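*Asks:* Here you go, one structure.
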Protein chains: 2
Amino acid sequence: MSEPTDPTSESQPAEPARPRRRLSRRALLGGAGAGAAALAAGGVGIAIGSADSGSSSSSGAGDHVVPFDGEHQAGIATAAQDRLHFAAFDVVSDRREDVAGLLRAWTEAARRMTAGRPPGPANAVELAPPDDTGEAFGLTAARLTVTIGFGPSLFDGRFGLAARRPAALRDLPALPGDELDGARSGGDLCVQACADDPQVAFHAVRNLARIARGTAVIRWSQLGFGRTSSTSRAQDTPRNLMGFKDGTNNLKAEDRAALAESVWVGGEAPDWMRGGTYLVARRIRMLIEVWDRASLGDQEQTFGRHKVSGAPFGGRAEFDAVDPARLPADSHVRLARPESNGGAALLRRGYSFTDGLDDQLGQLDAGLFFISFQRDPDAFVKVQSSLARDALNEYIKHVGSAVFAVPGGTQPGGYVGQPLFA
Amino acid sequence: MSEPTDPTSESQPAEPARPRRRLSRRALLGGAGAGAAALAAGGVGIAIGSADSGSSSSSGAGDHVVPFDGEHQAGIATAAQDRLHFAAFDVVSDRREDVAGLLRAWTEAARRMTAGRPPGPANAVELAPPDDTGEAFGLTAARLTVTIGFGPSLFDGRFGLAARRPAALRDLPALPGDELDGARSGGDLCVQACADDPQVAFHAVRNLARIARGTAVIRWSQLGFGRTSSTSRAQDTPRNLMGFKDGTNNLKAEDRAALAESVWVGGEAPDWMRGGTYLVARRIRMLIEVWDRASLGDQEQTFGRHKVSGAPFGGRAEFDAVDPARLPADSHVRLARPESNGGAALLRRGYSFTDGLDDQLGQLDAGLFFISFQRDPDAFVKVQSSLARDALNEYIKHVGSAVFAVPGGTQPGGYVGQPLFA
């Protein structure tokens, strides 16, 4: 792909760069400065860090850029960023070429934004709407990743794709804990934007929604304010809104063999899914006020771990081995572990959310926006089915659900899903 | 006030401290370590930084503690933190002593949480609900501030306070741009929690709501994901979701004379308001999709500033003087400047928000959660009335509104509002 160079964005001279925000979009937009010169020479030159690098879990910025192109899409085995903006889209066009064109445009914009650049080539035309909405000028790339997926409904026949639907991609069956809201479920396409700065994640989704105009509209979206999973051994285990460490035994980016076994699809999937995986999203509402009235003992029995240390019952420290015999039969950790589910292991990558008050109940609408990646969504179904007996069910309900096929990564010039549409 | 010491929180031994998170709650909770020893000696000892210190605007954590006690409440002239959780409460008890008791309990919990400690003294009793919900264990204080205010309705007679209502504290009149939702407006009490880590801000509001049980319930709440104001000369000017720098000419903490003139109440207020101010909150929905279709020229004409540089029309850099003759008559900057409003100056301290999708419109429910502090809410009314002609009105609507009297600060052992209730 030939990258157009960025013109200076307006006639005002650039301000002097502030020392704290190196390699920012502002510098990249600056008129005659080194940033513009580098762009004119076609060099991005700021791809420090890598998809697998750990990061300070609480760093709000950081100059890190996660490469967009690669064998797999970024945002899966990438060390989990702090913030999330997730959006599901419905396609409103009935033309296959519109969908393919959208995926190309999204890919090009995402490739630019994840490098810390505006989504479009120009922002200087007075008579046209800006190519960039602008709220991320001056911010770094903040390890932004954009991950794109296809829902089962994309293969319903509107676009001639029915015969190419992977067998594994179908709506999830009814599951224990389901109290689903259709308006928070499903979608033809999804965009998962993760970054260490929430404004950067929001900016990405907003600009992709703007680019989609006429072809796709947002069906539902979710802001996640704090990661609840570590996906790299370099990261601390974060706490969910129940106050417990979440995902101590999560799959980690460093476990390449385990990812090959449980996350990336193999020969069982269609060719166009090579390097891909499946994303399950569940909006899990926590009944926070009820939980907060439970005793510490009850809370710990519910999980089978100690609250402050995170140690499993019978252990002394967080990463001590789980001895299922020491855990209550209905404890979450005992029921959810791979050994209780025929080896089904998920790469969890969820976020805490709050969306103000629940109108009906007058209680905080908060909880876990669960995201997992797995080689087959059936692995999630197995685990969630086991959780029918979970003591945690007294305190949670699943109010949104979606599943998406996430194609493999791109090479420069290509676009996400190209092998499916080309 | 005598501070109870923190017991070890459970029988598990503390994990070794991770190097990246110094002075965390985890260390404070740790059994026999130095943190516990310092607490046992009655010393907090971690009050580094100060309410007026600048901070890296994008730092997600930082070990800074903003002192809770002082002449004024923290969270007003404090350099604006990155994240917000704001909640308005309705009092459900009809007993004055319950309200006073709640304010004492809130103050004690806030004093502890802003020092990076759990809100209650104990977290170790198996048979009782924990004093701390736990999701902030392991995080720093993240410059948390908790600011408490009293709505006009608190003085309606239920609590014998009607005669002590300040004349300036009354519901705002109908204003241009109002499309108010009663469920997002008003409230007897408010809590503004700001921190550089959103989980710390959420944790504060959640625990204060838990402590209020039986006396007050949340009426509405709002998460703000990114600050849109700088309130210290050490901070960069952030951008709002329209992509423009917001609050270039905001009052700053360093302008002590201006704060004394325009923010802190003087002899005109009742004695119990000494050191206090008034908080106006407005949930301003931006019609993002409409804005994004406006040309760059139109967007810049709307504000009267250039988008990327932030320079006023006729100027070359952000902080160049505004020449009103160069600005369109209906531009936001021209109409909102103090000189256009009899000198009315506000200390703005707002945050960008998004709450997913608007059910009615299918558009992003996003915008600015405007907060301003002023000596008299009438200053806000003056400015907002001038904005009746604002070109910006095509792209925004005010959907929530509230006003609160914010009493002055506390000394150790005292509580917010004590001079009113004692």
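The values are calculated or read from the model by the stated rules, or taken from the named source; none is laboratory data. Note that the structure is predicted; figures quoted are calculated from it, not measured. Cβ: placed from backbone, ideal geometry, glycine included. Neighbour counts: every protein chain shown.
*Asks:* A:VAL200 fails exactly one of the following numbered conditions: (1) surrounded by 24 or more Cβ atoms within 10 Å (Cβ to Cβ); (2) among the β-branched types (Val, Ile, Thr); (3) farther than 21 Å from B:ASP365 by Cβ. What is the number of that condition?
*Replies:* Exception for A:VAL200: condition (3).
*Asks:* For A:LEU346, indicate whether it is crowded, with 20+ Cβ neighbours inside 10 Å, out of contact with any Ser or Thr (no Cβ under 9 Å at 6 or more places or on another chain) and of a type in the set (A, V, I, L, M, F, W, C). So that I can check it myself, show each step before the final result.
*Replies:* Numbers: crowded, with 20+ Cβ neighbours inside 10 Å: yes; out of contact with any Ser or Thr (no Cβ under 9 Å at 6 or more places or on another chain): no; of a type in the set (A, V, I, L, M, F, W, C): yes.
Judged against the criteria, A:LEU346 is not a match.
*Asks:* Oh, and also: I'd like to know if segment B:85-98 contains one or more residues that are surrounded by 24 or more Cβ atoms within 10 Å (Cβ to Cβ) and either closer than 19 Å to B:GLY275 by Cβ or without any contact (Cβ under 8 Å) to a residue 40 or more places away in the chain (or both).
*Replies:* Within segment B:85-98, not a single residue is surrounded by 24 or more Cβ atoms within 10 Å (Cβ to Cβ) and either closer than 19 Å to B:GLY275 by Cβ or without any contact (Cβ under 8 Å) to a residue 40 or more places away in the chain (or both).
*Asks:* From the list B:GLY362, B:GLY400, B:GLY367, which one is small (Gly, Ala, Ser), free of Cβ contacts under 8 Å to residues at least 24 places away in the same chain and under 30 Å from A:ALA212 (Cβ atoms)? Break it down into steps so the answer makes sense when it comes.
*Replies:* Details: B:GLY400 fails: free of Cβ contacts under 8 Å to residues at least 24 places away in the same chain; B:GLY367 fails: free of Cβ contacts under 8 Å to residues at least 24 places away in the same chain.
Within the list B:GLY362, B:GLY400, B:GLY367, the selection yields B:GLY362.
*Asks:* Identify the residue in segment B:286-307 that is free of Cβ contacts under 8 Å to residues at least 24 places away in the same chain and more than 20 Å from B:PRO324 (Cα to Cα) and, among all such residues, is nearest to the chain's Cα centre (by Cα).
*Replies:* Within segment B:286-307, the subset free of Cβ contacts under 8 Å to residues at least 24 places away in the same chain is B:292-293, B:295-298, B:300, B:306.
Retained after the next criterion (residues that are more than 20 Å from B:PRO324 (Cα to Cα)): B:292-293, B:295-296.
Numbers: B:ASP292: 28, B:ARG293: 32, B:SER295: 33, B:LEU296: 32 Å.
Selected residue: B:ASP292.
*Asks:* Would you confirm, using the coordinates I've provided, whether B:GLU261 is modelled with pLDDT of 95 or more and either farther than 30 Å from B:GLY134 by Cα or assigned to a strand (DSSP E or B) (or both)?
*Replies:* On the way: modelled with pLDDT of 95 or more: yes; either farther than 30 Å from B:GLY134 by Cα or assigned to a strand (DSSP E or B) (or both): yes.
Here the answer is yes, as B:GLU261 does meet what is asked.
*Asks:* Restricting attention to segment B:201-218, and to residues there that are β-branched (Val, Ile, Thr) and touching a Gly at 6+ places or on another chain (Cβ under 9 Å), which single residue is farthest from B:THR140 (Cα to Cα)?
*Replies:* Quick first cut of segment B:201-218, residues β-branched (Val, Ile, Thr) only: B:205, B:211, B:215, B:217-218.
Then keep just the ones that are touching a Gly at 6+ places or on another chain (Cβ under 9 Å); that gives B:211, B:215, B:217-218.
Values: B:ILE211: 22, B:THR215: 30, B:VAL217: 27, B:ILE218: 26 Å.
Going through the qualifying residues, I end up with B:THR215.
Residues are listed down the side, and each one gets a yes or a no for (1) touching a helix residue (DSSP H, G or I) at 6+ places or on another chain (Cβ under 6 Å); (2) away from chain B (no Cβ under 11 Å); (3) farther than 30 Å from B:GLY214 by Cβ:
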{"site": "A:GLU339", "(1), (2), (3)": "no, yes, yes"}
{"site": "A:ALA345", "(1), (2), (3)": "yes, yes, yes"}
{"site": "A:ARG348", "(1), (2), (3)": "no, yes, yes"}
{"site": "A:SER352", "(1), (2), (3)": "no, no, no"}
{"site": "A:ILE371", "(1), (2), (3)": "no, yes, yes"}
{"site": "A:PHE380", "(1), (2), (3)": "no, yes, yes"}
{"site": "A:GLN384", "(1), (2), (3)": "no, yes, yes"}
{"site": "A:ALA388", "(1), (2), (3)": "no, yes, yes"}
{"site": "A:TYR395", "(1), (2), (3)": "yes, yes, no"}
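*Asks:* Inside segment A:369-390, can you point out the residues that are farther than 22 Å from A:SER262 by Cβ and at pLDDT 95 or above?
*Replies:* Across segment A:369-390, there are no qualifying residues.
*Asks:* Being surrounded by fewer than 19 Cβ atoms within 10 Å (Cβ to Cβ) and either farther than 26 Å from B:ARG158 by Cα or more than 9 Å from chain A (Cβ to nearest Cβ) (or both) narrows it down to one of B:ASP292, B:ASP298, B:ASP246, so name that one. Steps first, answer last, please.
*Replies:* Details: B:ASP292 fails: surrounded by fewer than 19 Cβ atoms within 10 Å (Cβ to Cβ); B:ASP246 fails: surrounded by fewer than 19 Cβ atoms within 10 Å (Cβ to Cβ).
From the options B:ASP292, B:ASP298, B:ASP246, the qualifying one is B:ASP298.
*Asks:* Among (1) in a helix (DSSP H, G or I); (2) within 14 Å of chain A (Cβ to nearest Cβ); (3) of a type in the set (A, V, I, L, M), which single condition is B:ALA163 missing?
*Replies:* The failed condition is (2).
*Asks:* Can you name every residue in segment B:205-241 that is touching an Asp or Glu at 6+ places or on another chain (Cβ under 9 Å), under 30 Å from B:ALA258 (Cα atoms) and at the interface with another protein chain (Cβ under 9 Å from one of its Cβ atoms)?
*Replies:* B:GLN222, B:LEU223, B:PHE225, B:GLY226, B:THR237, B:PRO238, B:ARG239, B:ASN240, B:LEU241
*Asks:* Which residue out of A:GLY138, A:GLY157, A:GLY120, A:GLY75 is at pLDDT below 95 and over 22 Å from A:VAL217 (Cβ atoms)? Working first, answer last.
*Replies:* On the way: A:GLY157 fails: over 22 Å from A:VAL217 (Cβ atoms); A:GLY120 fails: over 22 Å from A:VAL217 (Cβ atoms); A:GLY75 fails: at pLDDT below 95.
Selected residue: A:GLY138, the only one of A:GLY138, A:GLY157, A:GLY120, A:GLY75 that is at pLDDT below 95 and over 22 Å from A:VAL217 (Cβ atoms).
*Asks:* Hey, another quick one. Among B:SER372, B:SER385, B:SER331, which is the only one that is touching a residue at least 24 places away in the same chain (Cβ under 8 Å), under 30 Å from A:GLN222 (Cβ atoms) and among the hydroxyl-bearing types (Ser, Thr, Tyr)? Spell out how you get there, then give the answer.
*Replies:* Working: B:SER385 fails: under 30 Å from A:GLN222 (Cβ atoms); B:SER331 fails: under 30 Å from A:GLN222 (Cβ atoms).
Matching residue, one of B:SER372, B:SER385, B:SER331: B:SER372.
*Asks:* Of all the residues that make up segment A:301-332, how many are within 19 Å of A:LEU241 (Cα to Cα) and either assigned to a helix (DSSP H, G or I) or more than 10 Å from chain B (Cβ to nearest Cβ) (or both)? Give the derivation first.
*Replies:* First pass over segment A:301-332, keeping only residues within 19 Å of A:LEU241 (Cα to Cα): A:301-312, A:318, A:331-332.
With either assigned to a helix (DSSP H, G or I) or more than 10 Å from chain B (Cβ to nearest Cβ) (or both) added as a condition, the list becomes A:301-304, A:312, A:331-332.
Residues meeting the conditions: 7.
*Asks:* Here's something else I'd like to know. Restricting to segment B:171-199, count the residues that are within 14 Å of chain A (Cβ to nearest Cβ), part of a strand (DSSP E or B) and among the polar types (S, T, N, Q).
*Replies:* 0
*Asks:* Tell me the residue from A:ALA317, A:ALA260, A:ALA253 that is free of Cβ contacts under 8 Å to residues at least 12 places away in the same chain and closer than 17 Å to A:GLY408 by Cα, please. I'd like the intermediate steps shown before the answer.
*Replies:* Values: A:ALA317 fails: closer than 17 Å to A:GLY408 by Cα; A:ALA253 fails: free of Cβ contacts under 8 Å to residues at least 12 places away in the same chain.
Every option except A:ALA260 fails the conditions.
*Asks:* Is it the case, given these coordinates, that B:TRP272 is part of a helix (DSSP H, G or I), of a type in the set (Phe, Trp, Tyr) and under 21 Å from B:GLY151 (Cβ atoms)? I'd like the intermediate steps shown before the answer.
*Replies:* Values: part of a helix (DSSP H, G or I): yes; of a type in the set (Phe, Trp, Tyr): yes; under 21 Å from B:GLY151 (Cβ atoms): yes.
It is true that B:TRP272 is part of a helix (DSSP H, G or I), of a type in the set (Phe, Trp, Tyr) and under 21 Å from B:GLY151 (Cβ atoms).
*Asks:* Return the residues of segment A:126-174 that are of a type in the set (A, V, I, L, M) and at positive phi; say none if nothing qualifies.
*Replies:* Keep residues of segment A:126-174 that are of a type in the set (A, V, I, L, M), which gives A:127-128, A:136, A:139, A:141-142, A:144, A:146, A:148, A:154, A:161-163, A:167-169, A:172, A:174.
Across segment A:126-174, the qualifying residue is only A:ALA142.
*Asks:* Just to be sure, is A:PHE202 over 16 Å from A:GLU108 (Cα atoms) and either away from chain B (no Cβ under 13 Å) or over 20 Å from the mean Cα position of the chain (by Cα) (or both)?
*Replies:* Details: over 16 Å from A:GLU108 (Cα atoms): yes; either away from chain B (no Cβ under 13 Å) or over 20 Å from the mean Cα position of the chain (by Cα) (or both): no.
Considered against the rule, which asks whether it is over 16 Å from A:GLU108 (Cα atoms) and either away from chain B (no Cβ under 13 Å) or over 20 Å from the mean Cα position of the chain (by Cα) (or both), A:PHE202 comes out as no.
*Asks:* What about B:ALA142, is it in a loop (DSSP other than H, G, I, E, B), within 16 Å of the chain's Cα centre (by Cα) and under 30 Å from B:SER262 (Cβ atoms)?
*Replies:* On the way: in a loop (DSSP other than H, G, I, E, B): yes; within 16 Å of the chain's Cα centre (by Cα): yes; under 30 Å from B:SER262 (Cβ atoms): yes.
Against the criterion (in a loop (DSSP other than H, G, I, E, B), within 16 Å of the chain's Cα centre (by Cα) and under 30 Å from B:SER262 (Cβ atoms)), B:ALA142 qualifies.
*Asks:* When only residues in segment B:359-408 that are of a type in the set (Ser, Thr, Tyr) and assigned to a strand (DSSP E or B) count, which is farthest from B:GLY187 (Cα to Cα)?
*Replies:* B:SER372
*Asks:* Do you know which residues across segment A:81-134 are small (Gly, Ala, Ser), more than 14 Å from chain B (Cβ to nearest Cβ) and over 20 Å from the mean Cα position of the chain (by Cα)? So that I can check it myself, show each step before the final result.
*Replies:* So in segment A:81-134, the residues small (Gly, Ala, Ser) come out as A:87-88, A:93, A:100-101, A:105, A:109-110, A:115-116, A:120, A:122, A:124, A:128, A:134.
Remaining after also requiring more than 14 Å from chain B (Cβ to nearest Cβ): A:93, A:100-101, A:105, A:110, A:115.
Those that are small (Gly, Ala, Ser), more than 14 Å from chain B (Cβ to nearest Cβ) and over 20 Å from the mean Cα position of the chain (by Cα): A:SER93, A:ALA100, A:GLY101.
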